[in-house]
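Pasting a structure below so you can have a look.
A short reminder: the numbers here are calculations on the coordinates, not readings from a lab. Only a predicted model underlies this, so the values are computations on that prediction, with no experimental measurement involved. For neighbour counting, all protein chains shown are included, and Cβ atoms are generated from backbone atoms with ideal geometry for every residue, glycine included.
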Amino acid sequence: MLSVLHFIMTKVKPPPKEKPKYKMTYFNVRAKGEIIRWIFAVAGQEYEDVRLDDDAWAAFKPKTPFGQIPVLEVDGEMWCQSWTIARMLAKQFGLAGKTEYEEHRCNMVVECVNDMVMAELKLKFAADKEKMTWADLAVCVWMGWVRELDYTPYPKLAAHRERVTSHPRLAEWIAKRPETSM
């Protein structure tokens, strides 16, 4: 009897559930919601794309898990955090890599992209241009590794690099550091 029960519990699968219904809610901008929209597009998955204006956002905000969007509702269950949603959907739709190792490499690249985006946003929305953080330094160090790039099309990045590298103590360090290829 136990072997029959074990077989039923481990081998017999429940009938397939209907396709989930997806509803993604975000502002009427690309930003953090666009990766989710692109995953749906590549997967060929239909979803409801709800775009909020300021008034609708004020009314919707208390209903979100952490008071922020984007959110994705899957059959009525609400998920938040854009990268969490994207990872979940990528895995579900076969876009997260074929092996666990490939999945980790995808996550690594996404986190690198996120670091660059956050550094750029910090530059774009910085209130105090005289204040410097280690994120400012990290962006400039990265720019130094790829110095062969022409930063002319990116005047804000070029201006940021100039502002950071002209800091008196940093300029002194740069002048006296050993010469290296990277």
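Near LYS21, which aspartates and glutamates are there with a Cα under 18 Å away, not counting those fewer than 8 places off in the same chain?
Reachable aspartates and glutamates: GLU46, GLU48, ASP49, GLU73, ASP75, GLU77.
Which loop trypsin sites (Lys or Arg not before Pro) in region 24-75, with loop taken from DSSP, have no more than 13 other Cβ atoms within 10 angstrom of their Cβ?
Passing sites in region 24-75 are ARG30.
Same structure, new question: Given 25 °C and 0.890 mPa s, how large is the Stokes-Einstein diffusion coefficient of region 22-92 in µm²/s, with Rh as the Kirkwood radius over Cα pairs?
My calculation gives 203 µm²/s for D.
Continuing with the same structure: Percent antiparallel among DSSP beta bridges with both residues in region 22-92, to the nearest 5?
60
Scan region 9-105 for GluC sites (Glu not before Pro) in coil per DSSP, keeping those whose Cβ has at most 10 other Cβ atoms within 10 Å, and list them by number. Present the calculation step by step, with values, prior to reporting the outcome.
On the way: sites: GLU18, GLU34, GLU46, GLU48, GLU73, GLU77, GLU100, GLU102, GLU103; in loops: GLU18, GLU46.
Of the GluC sites (Glu not before Pro), the ones in loops of region 9-105 whose Cβ has at most 10 other Cβ atoms within 10 Å are GLU18, GLU46.
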